[in-house]
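Report on one structure; see the data block that follows.
Please treat every number below as a calculation from the coordinates, not as lab data. Every value quoted in this text rests on a predicted model; they were computed, and no experiment measured them. Counting neighbours? That spans all protein chains shown, and the Cβs are built from the backbone with ideal geometry, glycine included.
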Amino acid sequence: MRCDICAGSMGQTKNNGGQDYYSCANPKGHGGLTVKRECADDYVVRRVWARLVNADMNNEEDQEWVAAAALRFAQQTDSAGVEEERRETAAHLEHVKQSIAELQADRKAGLYRGRDELATWRATMRQYRAYENQCVARLAELDEKTASAVHIPAEWFMPGEDPLGQESLWASWDVYERRAFLELFLTGVSVGPGRDPESRKYIAIEDRVMLDWRPLPSKQDSEEEDEQEEALLTL
């Protein structure tokens, strides 16, 4: 969360009445900026949940937005390092395939002659094939894990009448779970002043708090990921 006046960060404070506020950490130069924590949290969370619940799965942009959030969720919950293991296994598979091709080429070139050398060739080929099968089987297992993980929990699409009510998921989460949820959809939040500097008129919360939605993955991002994967496979 940042101050929209100076772009500085905002921290949590309490007033004399014990109410929680978000306040600009660098008030010098603009007199300070605060917003009630309850009001800001309520607005931000309801906006996020409203967009998620109302996502149209027949709309390509909404599909991409939900899919990108689902992938980030899978990465958040990937405590076992599934994606990292998959990349390593894929690199091993590519390497053993290359070794098999080279071994076959050597035999065609006549580098293995006589019974003993051919026996060595067959034994080596069996080892390579066995390892190849192991890699293929492990990749299938990892792909299944990834496929089952890359989704947004179904209950998130049905938060109930009040997403922030006492019986809601939000109410059951601690501060870290709440931050992790918001991080799936937002890169940040900015807060503007509470009053118009000229008229001193009160500004509603929806006109003060601006959400920075995570952008959809671009084609360039996809191409860079493909290039990174190709580089890993050639190691």
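Each of Leu71, Leu111 was scored by other Cβ atoms within 10 Å of its Cβ. Arranged with the fewest first, they read Leu111, Leu71. Site-free segments of the chain were taken between GluC sites (Glu not before Pro) in DSSP loops having at most 10 other Cβ atoms within 10 Å, sites themselves excluded; the longest one is 1-160.
With a Cα cut-off of under 27 Å and a minimum spacing of 8 residues unless on different chains, the lysine pairs in the chain number 9.
Fewest to most neighbouring Cβ within 10 Å: what's the order for Thr13, Thr34, Thr187?
Details: Thr13 14, Thr34 18, Thr187 11.
Ordered from fewest to most neighbouring Cβ atoms within 10 Å, Thr13, Thr34, Thr187 come out as Thr187, Thr13, Thr34.
FRET efficiency for the Ser168 to His30 pair, using the beta carbon distance and R₀ = 35 Å, is estimated at 0.45.
Computed from the C-beta positions of Ser9 and Val136, the FRET efficiency with R₀ = 35 Å rounds to 0.10.
Could you give the length gained by full extension between Arg179 and Arg129, i.e. 0.36 nm per residue of separation minus their alpha carbon distance, to one decimal place?
Details: separation 50, 0.36 × 50 = 18.00 nm, distance 4.68 nm.
Separation in residues times 0.36 nm, less the Cα-Cα distance, equals 13.3 nm.
Neighbours of Ala55, meaning other residues whose beta-carbon lies under 11 angstrom from its beta-carbon, give a summed charge of -3 when Lys and Arg score +1 and Asp and Glu score -1.
Using only the Cα atoms of the range 82-151, what semi-axes does the equivalent ellipsoid have when each is the square root of 5 times a gyration tensor eigenvalue? Give whole Å, largest first.
Details: eigenvalues 228, 21, 9 Å².
For the range 82-151, the semi-axes come out at 34, 10, 7 Å.
Cysteines in the chain lacking any other cysteine Cβ under 4.7 Å from their own Cβ: Cys6, Cys39, Cys135.
Between amide H atoms placed 1.01 Å from N, distances below 5 Å from Leu186 occur with Arg214, all of them 5 or more places distant or on a separate chain.
If you take every residue apart from Val35 with its C-beta less than 13 Å away from the C-beta of Val35, what net charge results, scoring Lys and Arg +1 and Asp and Glu -1? Don't skip to the answer; put the middle values down first.
On the way: positive: Arg2, Lys36, Arg37, Arg195, Arg208; negative: Asp4, Asp20, Glu38, Asp41, Asp42, Glu206, Asp207.
Summing Lys and Arg as +1 and Asp and Glu as -1 gives -2.
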